[in-house]
Amino acid sequence: MSDFYDALETRDPAARERELFAQLPKQIAHAVTAPGWAKHLAGVDPAGVTSRKALAALPLLRKSELLALQKSSPPFGGFNTTAPGKARRLQMSPGPLFEPQGAGRDFGNCARALHAAGFRDGDVVHNSFSYHLTPGAYILEEGAFALGCSVIPGGVGNTEQQVEAVAQFRPSGYVGTPDFLKILLDAAEKLGRDASSFKRALVSGAALPATLRDELGRRGVAVLQCYAVAEPGVIAYESEAREGLIVNENVIVEIVRPGTGDPVAEGEVGEVVVTTFNPDYPMIRLATGDLSAVLPGASPCGRSNIRIEGWMGRADQTAKVKGMFVRPEQVAEIARRHPELTRLRLVVSRANEQDAMTLMAECAAPAAGLDAAVAETLQSVAKVRGAVQLVAPGALPNDGKVIADERPVN
């Protein structure tokens, strides 16, 4: 069993389906003890939700709606079944969205993904996700702890300090965004410090183009990726086969037609919808806003759960840039703060193997220094630095798009 985290990964797919849907009525009954779920699932008989068809009849909870729901019923919209004072951590994702972390072991279900990426008991892991308010670092950290690894809490920024920590502690593993792993390796080379201890990485939060994965591989680091969202944790992960992302064992994933809750046929691109068995913060048909598709067959690595293609874009116009979600509402806030701007369009791209973004803004008569002021507002609102380009009125397409993600999917 050393190649697999546990026997669940190789069980018969029909048995997995039966076992998950045998547990689901109890989870829904538990969820509706919270007022938010009681209202959202009013009239639903939990005992009847024992199949994918029955699950598909339930309403979606759109991640994009959580912001308003949490404002009307703070802090978690009434969807938490554990009181805030009983949670282990109270966290905040970009949006802002507020997330409770329960006291359970490996709350974000990450240990399985780390194991598939080659992490083992006794490994030293360098964690470069942000430890400031957001849950990402803790999802990975708790998974590493569950495997018996020790963790260097690198966080973001302070690159030279992180390089010193790497040189001193000699971590064999890295978790964080793929972009920042390259930054660390480049900085170590420039500073004459040894970062050759890195042998494996599990990355998330940003695109992993084949060119970047190949470069990191040439530098001695085998890189796999996982797909995670703050509310459900790790949804799917790569194995050494690198043929799609294998759905995690303790979640139910549906792919639905964007704008509806209707499941699509296998292979058809649609929105990822997730149902979890988290006892503290259950999610029943959470519509993530991400696009993907189910791949046919099973992974050649021997894991038998369904596979998804990976991230294929957004069902809405939200984009993840350097690990942070940037939303149309944030572009609207920039426009509100600078009324001299008319139409705005945020263009997300790749430059030097890193995410980049440029805010294109129409302005009839820009004052001196306006572009710098808008850039400062962009960073303040989106928490990500970007360039600003002021253009003449009518220069941008009149297509309703405020965020244009032009990064290659592969």
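Just so you know, all these numbers are worked out from the coordinates, no wet-lab data involved. The shown structure was predicted, so the numbers you read here are calculated from the model rather than taken from an experiment. Positions of Cβ are backbone-derived with ideal geometry, glycine not excepted, and every protein chain shown enters the neighbour counts.
Just to check, using Stokes-Einstein with a Kirkwood Rh over alpha carbon pairs, what's the diffusion coefficient of the chain at 37 °C and 0.692 mPa s in µm²/s?
Values: Rh = 22.3 Å.
My calculation gives 147 µm²/s for D.
Which distance in Å, rounded to a whole number, links the C-alpha centroids of the range 216-242 and the range 126-184?
The distance from the Cα centre of the range 216-242 to that of the range 126-184 comes to 14 Å.
Extension gain residue 54-residue 6, at 0.36 nm per residue separation less the Cα-Cα distance, in nm? Display every interim value, and only then the final one.
Numbers: separation 48, 0.36 × 48 = 17.28 nm, distance 2.91 nm.
Value of the extension gain: 14.4 nm.
Over the chain, what is the percentage of antiparallel beta bridges among all DSSP beta bridges, to the nearest 5?
Working: 39 of 64 bridges.
Rounded to the nearest five, the antiparallel share is 60 percent.
Taking springs between alpha-carbon atoms closer than 10 angstrom, which of 259, 270, 289 fluctuates most in the Gaussian network model of the chain?
Taking springs between Cα atoms under 10 Å, the residue moving most is 259.
Give, as ranges by residue number, the residues of the range 33-55 whose backbone N falls under 18 Å from the point 7 Å along Cα→Cβ of residue 83.
Label zone hits: 33-36.
Residue 190 versus residue 242, label points 7 Å from Cα toward the beta carbon: distance in nm?
2.7 nm
Given the DSSP H assignment, sum -39500 (n - 2.57) over each helix run of at least 4 residues in the chain and divide by its residue total; what's the result at 222 nm in deg cm²/dmol, nearest 500? Intermediate results must be reported in sequence, preceding the final value.
Values: 11 runs with 112 residues, N = 410.
After summing the helix terms and dividing by the residues of the chain, the value is -8000 deg cm²/dmol.
Once both labels are modelled 7 Å past Cα along the beta-carbon direction, what's the residue 218-residue 33 spacing in nm?
5.6 nm
So if I take the centroid of the Cα atoms in the range 307-325 and the same for the range 259-274, what is the distance between those two points in Å?
Between the Cα centres of the range 307-325 and the range 259-274 lies a distance of 15 Å.
Express the C-alpha Rg of the range 167-233 as a ratio against the empirical globular expectation 2.2 N^0.38 Å, rounded to two decimals. Before the final figure, lay out each step's value.
Working: Rg = 12.3 Å, N = 67, 2.2 N^0.38 = 10.9 Å.
After normalising by residue count via 2.2 N^0.38 Å, the value is 1.13.
Any lysines with Cα under 28 Å of the residue 53 Cα? List them, leaving off those in the same chain fewer than 8 positions away.
Result set, ordered by chain and number: 26, 39, 63.
Pairs 86/182; 86/383; 190/320: which exceed 32 Å Cα-Cα? It would help to have the intermediate numbers written out before the result.
Working: 86/182 39 Å; 86/383 30 Å; 190/320 29 Å.
Where the Cα-Cα span goes over 32 Å, the pairs concerned are 86/182.
Which one, 58, 15, 153, is farthest towards the positive end of the dipole of the chain when Lys and Arg carry +1 and Asp and Glu -1 on their Cβ?
With unit charges placed on the Cβ atoms, the residue in question is 58.
For residue 389 and residue 105, calculate 0.36 nm times their separation in residues minus their Cα-Cα distance, and state this gained length in nm to one decimal.
Numbers: separation 284, 0.36 × 284 = 102.24 nm, distance 4.71 nm.
Extra length available between residue 389 and residue 105 comes to 97.5 nm.
Determine the relative contact order of the range 283-408: mean sequence separation of Cα pairs under 8 Å and six or more apart, normalised by residue count, in whole percent. Show your work: numbers first, answer last.
Working: 197 pairs, mean separation 29.6, N = 126.
Across the range 283-408, relative contact order equals 24 percent.
Give, rounded to the nearest 20 debye, the magnitude of the charge dipole that the chain has about its Cα centre when Lys and Arg contribute +1 at Cβ and Asp and Glu contribute -1 at Cβ.
Working: 43 positive and 47 negative charges, 104 e Å.
The calculated dipole for the chain is roughly 500 debye.
Measure out, as a whole number of angstrom, how far apart the alpha-carbon centroids of the range 19-54 and the range 76-109 sit.
One Cα centre to the other: 20 Å.
What dipole magnitude, in Debye to the nearest 20, does the range 50-167 give about its Cα centre under +1 on Lys/Arg Cβ and -1 on Asp/Glu Cβ? Walk me through the numbers on the way to the answer.
Working: 11 positive and 9 negative charges, 152 e Å.
Here the size comes out at about 740 debye.
Working only with C-alpha atoms, what are the Rg and Dmax values of the range 320-405, expressed in angstrom?
Looking at the range 320-405, its Cα Rg and Dmax stand at 12.1, 35 Å.
Report, in debye and to the nearest 20, how large the dipole of the range 206-360 comes out about its Cα centre when Lys and Arg carry +1 and Asp and Glu carry -1 on their Cβ. Could you put the intermediate results ahead of the total?
On the way: 17 positive and 21 negative charges, 109 e Å.
Computed about the Cα centre, the dipole is about 520 debye.
Taking the dipole about the Cα centre of the chain, with the C-beta of Lys and Arg at +1 and of Asp and Glu at -1, give me whichever of 176, 4, 370 is farthest to the positive side.
It is 370, whose Cα lies furthest towards the positive end.
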